[in-house]
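The values are calculated or read from the model by the stated rules, or taken from the named source; none is laboratory data. Because the structure is predicted, anything quoted here is derived from the model rather than measured. Because the Cβ atoms are built from the backbone with ideal geometry, glycine has one as well, and the counts that use them run over all protein chains shown. Surface accessibility is based on the protein's heavy atoms, side chains included, excluding ligands, DNA and RNA. Shrake-Rupley method; radii C 1.70, N 1.55, O 1.52, S 1.80 Å.
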Amino acid sequence: MADLDVVVVGAGFAGIYAAHAFRSAGLSVRVFEAGSGIGGTWFWNCYPGARCDVESKDYSYSFSPELEQEWSWSERYPAQPEVLRYLHHVAGKFGLWPLIQLNTRVTAAQWDAARSEWSVTTDDGAARTARFCVMAVGCLSAYQVPSLPGLETFGGPWYHTSRWPADGVDFTGKRVGLIGTGSTGIQVAPEIAAAAAHLYVFQRTANFAVPNRNRAVDPEWERAFKADYRSYRQRAQESFLGVPITGTGRPALAEPPAEIQRTLMARWQSGGGMPFLGAYTDVLVDRAANDIVAEFMRDRIRETVADPSVAELLCPRAYPVGAKRLCQSDDYFAMFNLPNVTLVDIRSAPISSVYAGGLRTADSVYELDALVFATGFDAISGALNRIDVRGVGGVPLTEKWAGGPRSYLGVAAAGFPNMFIVTGPGSPSVFSNMVLSIEQHVEWIRDCVVYLGSHGYSTAQAKPSAEDAWMAHVTEVAYSTLFPLADSWYVGANIPGKPRVFTPYLGGVGPYRARCDEVAAAGYEGFVLD
Ligand SMILES: Cc1cc2nc3c(=O)[nH]c(=O)nc-3n(C[C@H](O)[C@H](O)[C@H](O)COP(=O)(O)OP(=O)(O)OC[C@H]3O[C@@H](n4cnc5c(N)ncnc54)[C@H](O)[C@@H]3O)c2cc1C
């Protein structure tokens with residue numbers, strides 16, 4: 001008999017909720033977390049400026065109405081310490097600490113067909129068996145440092161934003177180089193600029209950013225909003241992105257140009273990426289509509305940045321707006337008006353090497369005291385591929401995924417019975433309000449496990465045909481949009497050698513949930529139950 005019903009790997013939003021959900025269903029569960037604290041993303045990414053870009057009213061658990069009512073967020077877009085405090089509150093309130101083992105990395109998980117159980121090995125040398133293995137390892141947890149020649153010779157400290165020292169970094173009087181201008185780079189840059197003697201922002205790709213218009217949560221508004229939280233959550237579950245936003249419901253190309261400008265400006269003024277991109281129905285599927293929105297955004301950069309040549313360099317042109325994760329910031333572009341900030345174009349003159357005193361590009365030398373990498377993650381499949389997962393016949397998951405990650409519904413992989421993935425490849429995952437998607441996945445997995453027990457089954461395994469059909473659908477939906485046109489981490493383009501496969505499901509959170517529910521209602525259609 002297995003030691004446990006369920007092993008959960010990872011203690012971020014997903015692992016924490018999984019611990020609660022499985023225990024509440026009467027199952028024995030243990031969560032292994034590599035970090036020295038819970039929180040996942042919100043534990044590791046403690047760089048200055050780290051902040052949600054989905055509003056706090058949405059980016060929070062909905063499973064407990066009591067939790068929902070008792071917790072008050074201070075800001076529209078909370079900063080990292082507050083999200084981490086929230087997760088600590090949840091773990092305490094629901095008594096989850098005893099279920100979580102910190103400082104423990106899962107190194108291997110092997111399916112034992114004879115015993116119908118997983119054997120899970122951790123880096124302390126221990127091995128546990130479990131009937132089910134739930135991978136809650138995070139879409140954005142395997143961080144990525146580019147291999148720059150000479151980095152090991154650099155005389156100063158260097159940091160990756162996802163492994164930021166918990167007690168902070170003092171950049172006062174320092175010349176700092178920042179590499180990476182995606183969501184994180186855009187958040188951290190103004191904070192570094194405020195302290196450093198000089199900040200050099202090394203930009204390979206200019207990125208689009210909308211303002212947050214972040215503000216304190218008004219208690220009056222909060223009271224009124226919370227009175228209707230349940231029906232709001234319901235609408236979120238049925239929505240496209242996991243956030244009920246109101247678009248015009250019309251294509252931009254059918255709208256008079258002046259009206260488009262008025263609509264976009266109103267949304268720009270109220271802040272937030274989802275309402276802005278969701279204004280019109282054709283922005284993410286029609287290049288002409290997309291170009292109108294992109295030009296609107298470039299105009300905002302031009303009116304913010306005083307030096308026209310810097311402004312032009314900051315204007316994104318390499319991809320359709322929205323096809324890479326849309327960044328959000330209230331102060332990134334204005335930062336380039338500061339005398340201690342320099343934008344360096346490494347598209348035209350790439351970084352050639354790092355040396356003890358700084359960094360060389362194809363046409364210049366930059367003397368630096370510290371380097372900061374905001375270079376993101378081996379997204380979606382990276383954390384799973386770093387575990388030696390072996391399914392039926394000892395086949396490694398990395399072998400199955402050699403041509404790119406594949407799954408059925410983003411939660412299960414053929415050849416890997418009783419292994420479930422939270423927000424895996426082929427689920428809405430990073431293209432949604434992730435807390436809502438995480439809750440949906442965990443509840444669906446819990447229900448599946450309970451169903452197996454109550455119907456006398458011990459294993460569930462995705463059929464290869466169901467997986468093939470689902471991946472074909474994921475690809476078809478993706479290629480009906482503008483998303484594949486960008487060299488983004490959505491397609492693995494940030495990782496040298498990673499197969500270019502578009503894995504997030506773009507069919508919408510509501511339709512995805514409906515499909516998962518249909519599969520369950522049909523007795524887990526697409527799975528072999530034994
Ligand atoms: C800076 C930043 C900001 C973000 N902002 C938003 C936002 O505003 N809205 C949104 O929807 N999403 C956002 N995200 C995405 C975010 O990752 C998810 O919203 C969510 O926090 C993911 O939770 P998770 O539990 O699935 O994964 P994670 O939070 O990544 O947790 C996974 C955990 O698994 C652990 N782990 C991995 N491998 C192993 C192993 N082998 N053994 C043991 N432990 C392991 C990791 O250490 C980690 O703690 C953001 C991501 C980043 C990086």
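Extending 7 Å from Cα along the Cβ direction at S348 and again at D218 yields two label points whose distance is 4.6 nm. Computed from the C-beta positions of A258 and D307 and an R0 of 30 Å, the FRET efficiency is 0.50 to the nearest 0.05. For the chain, the longest principal axis of the alpha carbon atoms and the long axis of helix 257-270 meet at an angle near 70°.
Taking amide H positions as modeled 1.01 Å from N, with prolines and chain starts lacking one, the residues under 5 Å from Y355 and 5 or more places away or on another chain are R360. With both residues required to sit in the chain, DSSP beta bridges show an antiparallel share near 40%. Highest mean packing first, where packing is the average number of other Cβ atoms within 10 Å per residue, the peptides 248-255, 21-28 line up as 21-28, 248-255. Taking every C-alpha pair closer than 8 Å and separated by at least 6 residues, the mean separation divided by the residue count of the chain gives a relative contact order of 20 percent. For S458 and R230, a Förster radius of 45 Å and the Cβ-Cβ distance give a FRET efficiency of 0.80, rounded to the nearest 0.05. Applying 1/(1 + (r/R0)^6) with r as the Cβ-Cβ distance of A472 and A493 and R0 = 25 angstrom yields a FRET efficiency of 0.70. Mind listing which trypsin sites (Lys or Arg not before Pro) in the range 426-530 are in a DSSP loop and have 14 or fewer other Cβ atoms within 10 Å? Those that pass, being in a loop and sparsely packed, are R500. Of the chymotrypsin sites (Phe, Trp or Tyr not before Pro) found in the range 443-530, those in coil by DSSP whose Cβ has at most 13 other Cβ atoms within 10 Å are Y479. Comparing G39, P81, M1 along the charge dipole axis of the range 1-131, the residue lying farthest to the positive side is M1, per the Cβ-charge model. Taken about its Cα centre, the chain carries a charge dipole of roughly 240 debye when the Cβ of each Lys and Arg holds +1 and the Cβ of each Asp and Glu holds -1. In the chain, the calculated helix contribution to ellipticity at 222 nm averages -9500 deg cm²/dmol per residue, counting -39,500 (n - 2.57) for every DSSP H run with n ≥ 4. The relative contact order of the range 24-89 comes to 40 percent, based on Cα pairs under 8 Å that sit 6 or more residues apart. Each label was represented as a point 7 Å from its Cα along the Cα-to-Cβ direction; for A108 and A25 these points are 2.8 nm apart.
Share of carbon and sulfur in the accessible area of the range 1-103 stands at 54%, probe radius 1.4 Å. Near D388, the amide H atoms lying under 5 Å from its own belong to A108, A109; only residues 5 or more places off or on other chains count, and H is placed 1.01 Å from N.
What separates the Cα centres of the range 214-267 and the range 87-136 is a distance of 39 Å. Rounded, prolate or oblate: which fits the range 44-129 when a ≥ b ≥ c are the square roots of the eigenvalues of the alpha-carbon gyration tensor, with rounded for a/c under 1.5 and prolate only if a/b beats b/c? In terms of gyration-tensor shape, prolate.
In sequence order, the range 12-17 has phi-based couplings of x, 3, 6, x, 5, 5 Hz under the Karplus curve 6.51 cos²θ - 1.76 cosθ + 1.60, θ = phi - 60°, and Gly or Pro positions carry x. Distances between placed amide hydrogens fall under 5 Å for G376 paired with Q144, all partners being 5 or more residues away or on another chain. Please go through the residue pairs K324/K400; K324/K463; K400/K463; K174/K324 and name each one whose alpha carbons sit more than 23 Å apart in this structure. From the list (K324/K400; K324/K463; K400/K463; K174/K324), the Cα-Cα distance tops 23 Å for K324/K400; K324/K463; K174/K324. Remark: the range 112-128, residue by residue, has Karplus-estimated 3J(HN,Hα) of 9, 5, 5, 9, 6, 8, 9, 9, 10, 10, 10, 6, 8, x, 7, 10, 10 Hz, where x stands for each Gly or Pro and the curve is 6.51 cos²θ - 1.76 cosθ + 1.60 at θ = phi - 60°.
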